[in-house]
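Derivation of every value follows stated rules applied to the coordinates shown; laboratory data play no part. Worth saying up front: this structure is predicted, and the values here are computed from it rather than measured. Here Cβ is always computed from backbone atoms with ideal geometry, including for glycine, and neighbour counts include all displayed protein chains.
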Amino acid sequence: MVEKKLQSASQKKMINNIIVHIVLAILAVIWLFPIFWVIMTSFRKEQGSYISTFIPAAFTTKNYERLFTNTTILNFSQMFGNTLFIAICSCILSTFYVLAVSYCLSRIKFKLRKPYMNMAMVLGLFPGFMSMIAVYFILKAMGLTEGSLIKLALILCYSGGAGLGFQIAKGFFDTIPLAIDEAALLDGCTRWQIFSKITLPLSKPIIVYTVLTSFMAPWLDFIFAKVICRANSDQYTIAIGLWKMLEKEYIDSWYTSFAAGAVLISIPIAILFLFMQRYYVDGVSGAVKG
Amino acid sequence: MIKKGAAAFLTGIITTTLVVAGLTGCGKSNMGAEHVRLMVWSPAEDQAKERGEWLQTMCNNFAEEHPEWNITFVYGVADEATATDQVSRDPEASADVFMYANDRITTLVEAKAVAKFGGKYKEIIESTNSPELLNSVKINDGIYGIPFTTNTWYMFYDKRVFSEDDVKSLDKMLEKGKVSFPLVNSWYLPSFYFGNGCTLFGDGTDESKGVDFEGQKAVDVTNYIIDLVANPNFKVDADGSGMAGLRNSSINAVFTGSWLANDIKEILGDNMGVTSLPTYKINGQEKQMYAYAGSKAVGVNSHSKYMEQAVELAVYLSGMDAQREHYRMRNVIPCNTKLLEEKDIASDALVKAQNDTFNNTSILQPFVPAMVNVWVPIENMGKGIRNKSVTHENAKEQTEAMNAAMNSNGIN
């Protein structure tokens, strides 16, 4: 009797598992399908934007080579370099802003704390591109819309508003007990030392999160880059380049290269994530005992 | 306060620099030629090395012809479609000379961003362009640009499948081979309606007359298109399926413009045929399809500091020699009436097809403001017919609904 019951329980479990796995497999296929499709297209030999078969009839790496060799009309490597530079700079800047603002709001009590948080909340409700024309004219008045100063302008754009996105990091800092700070203060730490030597090492997951998001925003942004770059094609970012490839004059001959470009832009993000994900596991676990 | 002070300080520095720069500029100009800085915008291909750097070559030739000016050219990339937006948004920081597509000319004029040509320049422009073409850059009799090419679509076909006689009639073509048409694109679909007497804003310029896509004439066209889609030899061209079909020979004729001519030439080689639009048969009568047509023009920024030089350059860039080189380097179809008489250009089938279309089988795309309401209802009609939600049974009410939507801005 007992054995039978056990068997039926394990059978039940197995059936459950099978169902769950089938559902997950279907969902995985649905989610991965577009990515797989882009990768397939990037290696497709047939030209044109319309395909009748999912698996390409012939494969080639020419689409990738073309991005870097055929540079007179769309200079992909230059755009890649521009975007990488802008993204790295704004990533460093905005990560610093976010962490600094979050730390202050979490640890320091000052009069404007509450009003600031409310204001940030309200401002955060407006989409950033609403102000893009105003931002453009301000940058123009400062003379930042010509030549390579455009890069600086874009870095300012992407990192300038970072201080408003403190909510998640502040929430995380709030979970680190104040007792640790007090102990450090008693031992003679300054505020900066507490921040850099104690809070930051305990907050690796949130740093990883902040770095990733603040790298991806400029890396993928199209609107600000389009408004600010205007006719300066040597300052174009990848997003503009990829968009150009889909215009009616180019789409037929550039479509497969567009897919190749889409695959390439995911590489820096993937590298950054792989490099940083091990810190996800660390963090607060085991920091505070008793 | 601090910010204000900083701003004043910065402005001070900038002004000083400008004054110094201005002084040095003046100093040099006294020694001989006048110093001129001209910013020129064009599509990227015009500046690409592998396409012969048309813009740079032309600008340098222009500079050589005018030794009285010492011109520094600053080049920027803005294709004809985006230039309108960029220039009208911030004319002061935009190019002195730029190229734009005429369909957005009202935006430019309303933003006071484009200069009107007058005097001897007006005469030059009028003497080298056909009156129909000039209408595409005219607002209230003012000429706001110099056309350098026409912009329209027509038919490319496989000569092995269709004879020169076949391509005159769409119905005949459908008996002999597969034809693909961008039915769900509102730049193409109205051609059938125009053929049967439907009009936009009277002759295209009178906004008060509204859209006339009503009555039996429009319903007949809807019914015709429904039958067309049901024809097994007809394929809807969407997302590049027409080009894909040409590549694997499952389609023998497509409707598109010069921007795909090189790709089609690559596929069909010497078998590529190209011609103006065919006729189609409604109630036993042959009707002509009419494409939308426009032009691409060189415009001069009304905020330009060097107006005289900018206008001269615009005239040069759209002149006969520049158009000839444009055609040679980039296959941009010329429109200069004198140039079109030249033998090697007149004999090019593509040039002939584009100009035949412009002259005979097209209507000037209206640029009255109410035109913005026209696009979406037509596109929805095309989609409805493709998805078979528009049928012979409801064709009448669907056509009426489309006409009503085109005449309304959706607000009142």
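For the protein assembly as shown, what proportion of DSSP beta bridges, expressed in % and rounded to the nearest 5, is antiparallel?
Taking every DSSP beta bridge with both residues in the protein assembly as shown, the antiparallel ones total about 60 percent.
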Radius 13 Å from Cβ of B:GLY52, net charge of other residues (Lys, Arg +1; Asp, Glu -1)
0
What angle do you read, to the nearest 10 degrees and between 0 and 90, between the alpha-carbon axis of helix B:119-128 and the longest principal axis of chain B?
30
For the residues B:VAL109, B:VAL77, what sequence is obtained by ranking on other C-beta atoms within 10 Å, fewest first?
B:VAL109, B:VAL77
Centre separation in Å (Cα based) which lies between the range A:31-100 and the range B:302-317
40
Given a cut-off of under 8 Å on Cα pairs at least six residues apart, what relative contact order in percent is computed for the range A:1-128?
11
Taking B:LEU108, A:LEU125 and counting other beta carbon atoms within 10 angstrom, the fewest-first order is A:LEU125, B:LEU108
Quick calc: nm separation of the 7 Å Cα→Cβ label points for A:LEU220 and B:GLU126 -> 5.7
Provide the net charge surrounding B:ILE363, with neighbours chosen by a C-beta distance below 11 Å and charges set as Lys +1, Arg +1, Asp -1, Glu -1.
-2
Sorted from largest down, give the three principal axis spans of the alpha carbons of the range A:24-94, whole angstrom values.
42, 38, 17
What share of the DSSP beta bridges in chain B is antiparallel, in percent to the nearest 5?
60
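Quick one: order B:ILE282, A:ILE108 by neighbouring beta-carbon count within 10 Å, fewest to most.
A:ILE108, B:ILE282
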Mind checking the angle between helix B:80-89 and chain B's longest principal axis? C-alpha axes, 0 to 90 degrees, to the nearest 10.
50
Förster radius 41 Å - calculated FRET efficiency between A:ILE39 and B:GLU92, Cβ distance, rounded to 0.05
0.35
If one computes the Cα centroid of the range B:265-293 and of the range B:397-411, what distance in Å separates the two points?
29
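What is the sum of charges around A:GLN47, taking Lys and Arg as +1, Asp and Glu as -1, for the other residues whose C-beta is under 9 Å from the C-beta of A:GLN47?
-1
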Ranked output for segments A:23-30, B:366-373 by mean other Cβ atoms within 10 Å, highest leading, reads B:366-373, A:23-30
Going down the list B:LYS217/B:LYS281; B:LYS176/B:LYS281; B:LYS168/B:LYS281; B:LYS49/B:LYS338; A:LYS248/B:LYS296; B:LYS159/B:LYS343, which pairs span over 19 Å between their C-alpha atoms?
B:LYS49/B:LYS338; B:LYS159/B:LYS343
Computed from the beta carbon distance with a Förster radius of 25 Å, FRET efficiency for B:MET307 and B:GLU64 to the nearest 0.05 stands at 0.75
Using Cα atoms only, what is the angle between the long axis of helix B:320-330 and the major principal axis of chain B, expressed in degrees (0 to 90) to the nearest 10?
60
Consider a paramagnetic label point 7 Å from the Cα of A:THR53 along Cα→Cβ; state which residues of the range B:215-259 have an amide N under 13 Å from it.
B:248
Compare the peptides A:254-260, B:130-136 by average per-residue count of other Cβ atoms within 10 angstrom and give them in order, highest first.
A:254-260, B:130-136
In peptide A:247-257, what is the residue-averaged number of other protein chain Cβ atoms found within 10 Å of each Cβ?
4
Distance between modelled label sites at A:SER77 and B:ASN283, nm, 7 Å Cα→Cβ extension:
6.5
Kindly provide the helix-only [θ] at 222 nm of chain A, computed as the sum of -39,500 (n - 2.57) over DSSP H runs of four or more divided by all residues, to the nearest 500 deg cm²/dmol?
-22500 deg cm²/dmol
If you take the square roots of the eigenvalues of the alpha-carbon gyration tensor of the range B:199-335 and sort them as a ≥ b ≥ c, do you get rounded (a/c under 1.5), prolate (a/b over b/c) or oblate?
oblate
Rough spin-label spacing in nm, given labels placed 7 Å along Cα→Cβ, for B:ASP165 and B:GLU400
4.4
Shielding of B:330-342 by partner chains, average beta-carbon count, 10 Å:
0
Zone residues, the range A:220-245, relative to B:LYS49, backbone N less than 19 Å from point 7 Å out along Cα-to-Cβ
A:233-236
Provide the packing ranking of A:82-90, A:110-118, B:380-388, i.e. peptides ordered by the mean count of other C-beta atoms within 10 Å per residue, highest first.
A:82-90, B:380-388, A:110-118
Just want to confirm a number: the relative contact order over the range B:190-343, from Cα pairs under 8 angstrom separated by 6+ residues, in percent.
18
Taking the Cα atoms of the range A:66-140 alone, what are Rg (to one decimal) and Dmax (as a whole number) in Å?
18.9, 58
Once the principal axes of the Cα atoms of the protein assembly as shown are found, what is the range along each, listed largest first in whole angstroms?
100, 93, 53
With a Förster radius of 30 Å, plug the Cβ-Cβ distance of B:THR57 and B:ASP270 into 1/(1 + (r/R0)^6) and report the FRET value to the nearest 0.05.
0.50
Apply the a/c threshold of 1.5 to the C-alpha gyration tensor of the range B:30-105 and tell me whether it is rounded, prolate or oblate.
oblate
Considering Cα pairs under 8 angstrom that are at least six residues apart, work out the relative contact order of the range B:97-170 and quote it in whole percent.
28
Quick one: Cα centre-to-centre distance for the range B:62-85 and the range A:132-202, in angstrom?
43
